[in-house]
Amino acid sequence: MLAQLTFAKTLPTTTHLLALIPKSKALPKDTPHRDLLASILKRRGMKVEGLMKSPVSANTPDGMLVVWTILDGGQDTFTQQVQVRKALQPLLDEHPQAIGIAVSGHVGQLAAELAVYGAWINGALLPLHKNDDERKALQKIVLVGSVNKKVFDGIKAQAAGNILCRELTMSPPNELTPALYRGRVKKLARQQGWKLEEFDMKKLRKMGAGAFVAVAQGSNPEDAAIVRLTYKHPKAKQTVALVGKGICFDTGGHNLKPSRYMLNMHEDMNGSAVALGILLAASEQKLNVNIDCWLAIAQNHISPSAYKQNDVVKALNGTTIEIMHTDAEGRMVLADTLTLASRAKPDMMIDFATLTGSMAVALGARYSGVLGSDMLLQQAVQAGQQSGERVCTFPMDEDYEPALDSKVADIKQCTLDGEADHILAARFLKRFVEHETPWLHMDISASRCEGGLGMVADEVNGFGVGWGLKMLQSQV
């Protein structure tokens, strides 16, 4: 549960306070505990502008911990998020029950929105399995300053979506098998009033979804499924399909991963968690758009029944696929899911997946890559700038396609040399998007970033939820 937000006209009596000051050469007169801050700056030989780079913290005589920082409204969203997150961190590290946030000046509204969002997503407790865990969740946020109160309902919805995404992604693989994951999705659907439809292995075999089945058939029990969740707004004119890769654990299959690369492969379902987080946030915001959310939930195991190199399988759309590497399973489960999603004829489709190591090599863990329809790529970059979840576009030209030519099937699943695999994976997925549906593919290289990213202090950061909401809002 997220901390309760209240509004006050005077400084609260909390034990922890964040003071966000507008850019200025001198300390504004309404700066909380101004004299204390001025004496600290003088002692350190700091100019006021230094607060933009380095927040300052101190205890007041009555024991309150105060952190001061300057927010520059002219900086980009990502930089502002990092500044606010670093200022919040000393406060939240003490796990207080309540914190105060004081804002003022021309950046007051912006500062309030950033700080409250940061307190919500970093003050919530994500699961740990330690018997000596003494952490306490943040219970209350007291906001002081002249602000538009209405916007915080939407910000709270986004925070809920981000936290859901991170909680699911961090869940141990024995606690989030496909069967258990589907159970959690059903519970969410009941709570939110989403329509739910499941395509289990029996139904997928009957339909001819051979690409998905090839990956999932190596698991015992066969609890994999493609799950469809539907949110409808009575006045919506646009329908957006969200597709998420939900591989609950990825061993690599017969092309078994070494232990170094198998560690954290319970997070290979992050794409589906991003899609769910966006769906939850959009639902709670009552966003004026219809959403079809498709989750490809499975595991990639090694077993006598698992798929293997040189198998040839037939996908739902009739395309035959030559299997080159069993650790390229994500594009297999997405192939049939994209076909199902595009057959529903949405106005736009976005898929999310921790898909390729080559994207992580290309970008590291601070950006994610997007590929797809030219008409959507500029929107994608703008959404990244607005949300602070930065994306980089990659080419997907037709002359990459010959690398996937197969002598025995319509297409190879991948190549074995790994060169430009993030682009080849997108070319592969494009084969399964029907009806010329406008489509974007996000390869989430930034799903885990050591030291935190943007507004999120945790390594697992929920990248894509904020970005996806901006993309949906652009369709309203």
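Quick check on the exposure proxy: order TRP439, TRP467 from fewest to most C-beta atoms within 10 angstrom.
Ranking TRP439, TRP467 by Cβ neighbours within 10 Å, fewest first, gives TRP439, TRP467.
As a quick test, which of the pairs LYS29/LYS136; LYS286/LYS430; LYS186/LYS206; LYS202/LYS245 have an alpha carbon distance above 25 angstrom in this structure?
Over 25 Å apart, Cα to Cα: LYS29/LYS136; LYS286/LYS430.
Can you sort CYS293, CYS414, CYS392 by how many other beta carbons sit within 10 Å, fewest first?
Numbers: CYS293 27, CYS414 23, CYS392 17.
Placing the least packed residue first, the sequence is CYS392, CYS414, CYS293.
Could you let me know the centre-to-centre spacing of the stretch 317-394 and the stretch 60-81, using Cα atoms, in angstrom?
36
For LYS187 and GLU134, FRET efficiency with R0 = 30 Å and r from the beta-carbon atoms, rounded to 0.05?
0.55
Round to a whole angstrom and tell me the spacing of the C-alpha centers of the stretch 159-179 and the stretch 418-450.
Cα centres, the stretch 159-179 to the stretch 418-450: 23 Å.
Under 20 Å from a label point 7 Å along Cα→Cβ of THR79: give me every residue in the stretch 340-371 with its amide N that close.
What the label zone holds, given the 20 Å backbone N cut-off, is 366-368.
Relative contact order for the stretch 1-101 using alpha-carbon pairs under 8 Å, separation at least 6, rounded to a whole percent? Write out the running numbers ahead of the final one.
On the way: 124 pairs, mean separation 38.1, N = 101.
With pairs under 8 Å counted, the relative contact order is 38 percent.
So how far apart, in nm, are the two label points at SER474 and ASP399 if each is 7 Å from Cα heading toward Cβ?
2.8
Just check the chain against the gyration tensor rule for me: Cα atoms, a ≥ b ≥ c as the square roots of the eigenvalues, rounded for a/c under 1.5, and otherwise prolate or oblate depending on whether a/b exceeds b/c.
Values: a/c = 2.09, a/b = 2.06, b/c = 1.01.
It comes out prolate by the Cα gyration axes.
I'd like the antiparallel share, as a percent to the nearest 5, of DSSP beta bridges with both residues in the stretch 4-149.
About 15 percent, rounded to the nearest 5.
If the reach is capped at under 13 angstrom between alpha carbons, list the aspartates and glutamates near LYS9, excluding any in the same chain fewer than eight residues apart.
Of all the aspartates and glutamates, those that pass the test against LYS9 - Cα under 13 Å, at least 8 places apart if same chain - are ASP30.
If you average the sequence gap of Cα pairs under 8 Å that are 6 or more apart and divide by the length of the chain, what percent do you get for the contact order?
Here the relative contact order equals 16 percent.
Any chance you could run the full-extension gain for ASN220 through ASN174? It's 0.36 nm times the residue separation minus the Cα-Cα distance, nm to one decimal.
15.2 nm
At 27 Å minimum axial length over the Cα atoms and a Kyte-Doolittle cut of -1.0, report the qualifying DSSP H helices in the chain, or say none. Kindly include the intermediate steps, with their values, before the conclusion.
Details: long enough: 151-170 (29 Å, 0.47).
Long hydrophobic helices here: 151-170.
Figure the gain on full extension for ARG260 and LYS9 (residue separation times 0.36 nm, minus the Cα-Cα span) and round it to one decimal in nm.
85.0 nm
Neighbour counts of other C-beta atoms within 10 Å: give me TYR231, TYR181, TYR261 arranged from fewest to most. The partial results should precede the final answer.
Working: TYR231 24, TYR181 27, TYR261 13.
The order, fewest Cβ neighbours first, is TYR261, TYR231, TYR181.
Under a straight-distance cross-link criterion of Cα-Cα below 19 Å, which aspartates and glutamates are reachable from LYS25, leaving out those fewer than 8 residues away in the same chain?
Counting by Cα, and skipping residues close in sequence, LYS25 has these aspartates and glutamates nearby: ASP35, GLU49, ASP72.
Can you order the peptides 305-311, 453-459, 60-66, 329-335 by their average number of other Cβ atoms within 10 Å per residue, highest first? Write down the numbers at each step before the final one.
Details: 305-311: 15.1, 453-459: 22.4, 60-66: 13.3, 329-335: 28.7.
In decreasing order of mean packing, 305-311, 453-459, 60-66, 329-335 become 329-335, 453-459, 305-311, 60-66.
Pop a pseudo-label 7 angstrom from the Cα along the beta-carbon direction at both ARG34 and GLN382 and give the gap in nm to one decimal.
Taking the simple label geometry, ARG34 and GLN382 are separated by 4.1 nm.
Place the peptides 379-387, 35-43 in order of packing, highest mean first, counting for every residue the other Cβ atoms within 10 Å and averaging per peptide. Let's see the in-between values first.
Working: 379-387: 19.1, 35-43: 13.4.
Per-residue Cβ counts within 10 Å, averaged per peptide and sorted highest first, yield 379-387, 35-43.
The numbers here are math on the coordinates, done by the rules we state, and not lab data. None of these values were measured; they are calculated from a predicted model. No Cβ is skipped: glycine too gets one built from the backbone with ideal geometry, and neighbour counts run over all protein chains shown.
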